[in-house]
Structures are given as structure tokens and as C-alpha cells.
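Structure first, commentary second.
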Amino acid sequence: MRRKLLICLSVSASALVAPAAVWAQASGQASAPDAAGAAAANAVQEVVVTANRSPMPIDQVGQSVTVLTAPQIKADQETIVSDILARTPGVSFSRNGGPGGTTSVYIRGAESDQTVVLIDGVKVNDPSDVGAGYDFSNLLAGDISRIEILRGPQSALYGSEAIGGVVNIITAEPTKPLEGDVQAEGGSYGTAYVRGGIGGKEDHYDWRLGAYYQSTDGVSDFDKAFGGKEDDGFHTAGVSGRFRYDLTPDLQFDQRAYYTWSRNEFDGFDTPTFTFGDDAEFGRTQQLVDYTGLNLSLFDGRLKNRLAYEYNGLDRRNEDPDQVGTKFTFIAQGRANTIEYEGTFAIAPGYQLVFGAQSERSTMNEESPAFDPGPTKAHATINSGYGQIVGEVLRGLTLTGGIRYDDHSTFGDHVTGQASAAWKLNEGNTILRASFGQGFKAPSLFQLYSEFGNTTLRPEESNGWDAGVEQHFFDGRVVVQATYFGRETKNLIEFVDCTGIGDPAICAGHDAAGGVYQNVDKSSAEGVELQADWKATEALDFSANYTFDDAEDRSPDSPTRGDQLARRPKNTGNFSATYLWPVKLKTTAAVRYAGQSFDDDADTVPLKSYTLLDLRASYPLRDNLELYARVENLTDAHYETTFQYGTLGRAGYAGVRLSF
């Protein structure tokens, strides 16, 4: 299979490079045919970074990607990023209670730990997490100016965990010599939120600092419908910053950093009684992310080089005041240190090569002092190399092919690839897209080296594909998109219970620990994403999306084979209508729908479908001063995304934004 993959990708790369070389020799020019027309067409095109690790017009990208810009994030008014993501196609989430509860995001039905999350270019997945996933509970909008959601397997460029897709978070960059903005809001459940940012841009350098703080009394994480009585509060703060300096016209120093702290109260299985209900337990989390790099441009800008050191560090501590003896029920430290080189070479007009190498060393130090005798310490290294070529082989037809090699210090090597096509027709009003991608997920440090660990684990692997069409009508006032997607995933790692009911062949030697991780599961996902945007008038806009996602357990000889994967609804949808009144008041009505899902693998614990209605309004007092307000869950619908965990009812918030 690997040999076939290498042959296919080599042929694809040759097909891309050959026309470029022939054309360059024949023309002897530095500009493609109809370059002026192409530039004019692309001038209004949205540019995305995530799909190809370098800026590309979205109409030349074959993968399925959604871009949320600063005006969209601002208009949404939401402070919690996972709620913003859930309004995009193919994305759903579950949360253990109110704000601050453990939050899992699922892209196209993939597991929550099968998504790569980047903040300003640094992978922020937690090496000490059981599955090396990312908990979205502590990620607020803060100083974020852009979010790119890339759907489908993307390991050829992003390595381990990129089975469901990639979420790329980009903080604000300055555009003026001195600029700043502040925001403050308050509302239901004792919620207060403040944020601010300041920065500047000069000829040879630019800088930006942003900070936020949020506090809320929340709701009882143990759903009040089941008897929960006490609220579980959440307090969090964050700081982000960036600094860039031109050492020479072609050499640039690039520094970025992100820090967040939180304290959340939560309910669960109470330590003394081990029954689910109200609990006095709380947790503290800190995360520090750093990017330090040099950018070097060569050959009149045709070759751009980036060399960087990236650091991701998380510290988590849970305490239970009711615990006898030590109060700490869980302590974990996760660290990832990465050295990365990336190059982008303009082979010829319309052709680009992206290539690079990474070396990542991750470590884990984890213990449960109230239960275990000692900590679990482990580390692993992944060394990687990748390459991808993009070329406009025919006018309007852009092809992409890429390959990646990873060498893991425990399980060995792995190869992934991807290919995609984007074809602009009908003067750019019709865009056809298709992509095939492979994903893999290395076993986590916990799955390899904990007391339940298994060092013979193989990586989880997937093949994914999608095909779609984007159509523009009435000079772009109406845009509709339809995408069919599918994914097959094998070697899924699952905990096998060995307390007398496990398979003897699997559990041999693991009875004392009570269980072991094994590659025992398979899954599949197949569905459709539909989107439509209609600018009915200069004052009235409509937007809608719908996703059908049939994510199933396909494990052989499993009693749950064919069952819907836990906490992933098959049907989700969003609709919004925005109107700008003659008095400059802007109002929006937004609806989010999630169909029935199940809380367990056997589909015996249903989570009912729900519909949430939000109303938003904003009014500019001056060009740089705005008042805004919103009502969330206007109908006070009761719903659950996790069984017996509470969610917010009707809530109102109001705030002010000032910029200078």
C-alpha cells in the first residue's frame, strides 16, 4: 500500500512540475498568461493559510475550509470559541456542564483527540492528555482575529492527530503606527468579561499585546434536572503577544507568545462516595505557548525560509476539599518542544513547492496522588519531513499533491499523502473541488507508557475524501456550496477492560492493572455539508448551513458495530438573518439545531435534539464606539451535550467596544 502511495504521489508531482518547466522555458518571462486578469480576479478573493501552509486564494484550494474573519467573530459576539466553531459546517461539540467544563470538538464525526489545534503556528494539543487531544474549555475569543477550519485528514502537512482536520487560531496583527481596542461586557449568571489590545506597525517592526479576563458563576455541572443544586464557577485570563523585527530587508525575527490560566469548579464522581452528583472538586490549568523564529527570503523572494523553535507547556491540577489526606486528585504536566524548518519556493508562475522538516519531543509527568502510589513519566520523539507542490496546470485548474514521512521513537515510521484539485469555471462563478487525504494519530504517551499502556500499539490511520461545488449567482450576492465527504479509520486505540470480562488474548499480563490499550476499533463517517449565503439587499443578509454526518462504529465482531458514535449528532444546522436598520442599528436572529445523539457507544443513553435561538444587536455611537447586546437561548430550552451535565438556560449580555 505504501509503495502504491509513493508511486501515485510521484506521478502527481511530475504532472505538476512538467508543465511549469515547459512553460518557463518557452516563455522566458516572469508572469503567467493573463496575469493582469488573474490578479484582478484574485484581488477580492479570501486568502487562506492552513490548507497549504502558505497563503493561497481560497478559490485555488481543493480542500474543504471555512474562514472566520475578525468582523465575523466580532459580529457573533460569542466569547467561547467552541460555540463559534459549532456554527460552521461539519463541526459539533460536547461540554461537561457550563463554561469551563471539559469541551470536546468533533470535525466530521472524528474523535475529539483527532484534531490538530494551532495557536499562532504552534500546535497546542496536550501531550499529557489521555489521547493527546485539546480541551477547548479554556479557549476564549480574546485577541483572536481569524480562525481557519480545515476539514478532513490533513496529516501530510500537519502530522499526528490531523484525522478530523485542523483548527488554526490566529491572533490580531497591527496595521497602524499605534492602535488599540477595549471591550467590556456583563450579564446573566454573574458573568463579566473584559479584553483589550494595543499595538503598532512601523517600517521595520511591528508589535501587539492582547489580554482578557472572564468570570462567571455558571450553572451546576450536575444537571439541575437530575438534582444538581450548587453552581460551578469558572474564572479565566489570558495574554497574547507578538513582535517582528526586520534585521535586514530579507531577514526577519518573529516572536509570538500565548498564555492562559483558569480555575473551574466541576461536578463528577465524588471522591468519598464515588457517586455522580454535586462535588466540591475544582481544577486549575495553565498553558504557555511560545514561537521564536527567523524568516529569510532569497532569490528576490522566490524562496522563503522559516526556522523556528516552538514550545507548548500545560499544567493541570485538580483538588477535592472533601478528600481524606492529600487534596490533589490529579496532577499533570505536558510539554512539547519542536524545531521546525519550512521552505516555500516559487517554481514558476502559478507553481509553488512547500517543504519542511520537524523534530518534536513530547513529555508527560502525571499522577493521581489520592489513588496511585507514584507518577507516570514518559517521553517520545517524532522526526518528520514533508513536501507539497501546488500548480495551476490549466487555466483555472489548480492541482495539489503532498507527502509526509514520520519516524516515531516507539512505533517506528509512517507515510501519509494527499492530493486535491480546484477548478474555476464560468468566469470564476463555479468552483469544483475534490480532495483525498490520509491521516494518522500516534499513540499518546499515556496510551504507551501508563500502567494501562502498551508499547506495541500501532498508530490510528484514516483515508478521507470529499468532492463539492461552489456556485455564485447574481454577481456574487448568492453563494451556495455542497460537499460530499467520507472517511474510513482503522487501528483505533481503545481501553480494554480486563477485570474478568476482557479477551484473554488481549488481556494476558494486564489483569493486575485492570485493563490495557489496544488497536481494536474501526469507524467510518459519510455525509453532506450544505451552505448558502444570500445578500438580499444592502441591508439584509441571510446565511445557513446544514450537515448530515453518519459517523458509525465499524469495529469487527463488536456488539456496537453499526451504532452511531457517541455525542455526535447526525444532523446539525445553523441559520441567521441580519438586518441593518436605517438608524444604523444592526440586529441578528440566529438559530442552531443539533439532532439526537447518544452518550454511550451502545446507543442506549439518548441525548435529545435541541434548537437554540439567539438574538443579537449592535449600535455605533461613533465610528470607534459601539454598544452591543445579545440574548442566548431565548426560549430557555433545556438540552444536554453530555448526559446529566447541565447547560445554560436563557441568558442576556450587554457590552461596549472602543477602538482608537
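General remarks:
- For the chain, the solvent-accessible area works out to 43 Å² per residue, with a probe of 1.4 Å and every protein chain left in place.
- Placing unit charges on the Cβ atoms only, positive for Lys and Arg and negative for Asp and Glu, gives the chain a dipole magnitude near 2000 debye about its Cα centre.
- Largest first and in whole Å, the equivalent-ellipsoid semi-axes of the stretch 539-614 read 38, 11, 5, each the square root of five times a Cα gyration tensor eigenvalue.
- Since only Thr499, Gly159, Val194 are under comparison, the one whose Cα sits farthest along the positive direction of the charge dipole of the chain, derived from C-beta charges on Lys, Arg, Asp and Glu, is Gly159.
- In order along the stretch 552-566, phi translates into HN-Hα couplings of 10, 7, 10, 5, x, 6, 9, x, 9, 4, x, 7, 5, 5, 4 Hz, rounded to whole numbers, per the Karplus curve 6.51 cos²θ - 1.76 cosθ + 1.60 with θ = phi - 60° and x for Gly and Pro.
- Cα convex hull, the stretch 109-206: 144 Å³ per residue, rounded to a whole number.
- Take the Cα radius of gyration of the stretch 152-288 and divide it by 2.2 N^0.38 Å, N being the number of residues; the result is 1.47.
- Modelled spin-label separation between Thr275 and Glu427, with each label point placed 7 Å from Cα along the Cα-to-Cβ direction: 7.2 nm.
- Rounded to the nearest whole angstrom, the semi-axes of the ellipsoid equivalent to the stretch 423-570, taken from the Cα gyration tensor as √(5λ), stand at 45, 15, 13, largest first.
- P(r), alpha carbons of the stretch 348-476 - 5 Å bins starting at zero, rounded %: 2, 9, 14, 14, 13, 11, 9, 8, 7, 5, 4, 2, 1, 0
- Value of Rg/Rh across the chain [Cα atoms, Kirkwood radius]: 0.95
- Proximity of backbone amide H atoms, modeled 1.01 Å from N, is registered between Asn125 and Val117 at under 5 Å, excluding neighbours fewer than 5 places apart on the same chain.
- One Cα centroid belongs to the stretch 418-478, the other to the stretch 49-71; the line between them spans 13 Å.
- Taking a quarter of the surface of the Cα convex hull of the stretch 413-469 gives a mean projected area of 5.2 nm².
- Here the spin labels are modelled as points 7 Å beyond Cα on the Cα-Cβ line, and at Val605 and Asp550 they lie 2.7 nm apart.
- Projected-area average for the stretch 99-153 over all orientations - Cα convex hull basis, square nanometres: 4.4 nm²
- Reduced Cα scattering model of the stretch 365-423, Debye log10 I(q)/I(0), q = 0.13 Å⁻¹: -0.58
- Looking at the stretch 178-280, the trypsin sites (Lys or Arg not before Pro) that sit in a DSSP loop and have at most 14 other Cβ atoms within 10 Å of their own Cβ are Lys229.
- About the centre of its Cα atoms, the stretch 548-660 shows a dipole size close to 880 debye [charges on the beta carbon of Lys, Arg (+1) and Asp, Glu (-1) only; nearest 20 debye].
- Per residue, the Cα convex hull of the stretch 207-360 amounts to 169 Å³.
- For Val605, residues with placed amide H under 5 Å, excluding near neighbours: Asp599, Asp600
- Cα-based values for the stretch 208-290, radius of gyration first and Dmax second, are 20.1, 66 Å.
- Extension gain for Thr248 to Asp203 (0.36 nm times residue separation, less C-alpha to C-alpha distance): 15.0 nm.
- Alpha carbon convex hull of the stretch 200-243, projected area averaged over orientations, nm²: 4.0 nm²
- Computed with the Debye formula from one identical point scatterer per Cα of the stretch 455-496, without solvent, the log10 of I(q)/I(0) at q = 0.17, 0.19 Å⁻¹ comes to -0.64, -0.70.
- Rounded Å value of the spacing that divides the Cα centres of the stretch 222-276 and the stretch 316-349: 12 Å
- Full-extension gain in nm, Gln72 to Trp581, via 0.36 nm per residue minus C-alpha separation: 181.4 nm
The values are calculated or read from the model by the stated rules, or taken from the named source; none is laboratory data. Please read all numbers here as calculations on a predicted model, not as lab measurements. Cβ coordinates were reconstructed from backbone atoms using ideal geometry, including for glycine residues, and neighbour counts include every protein chain displayed. Keep in mind that these areas ignore ligands, DNA and RNA; they rest on the heavy atoms of the full protein, side chains included. Shrake-Rupley method; radii C 1.70, N 1.55, O 1.52, S 1.80 Å.
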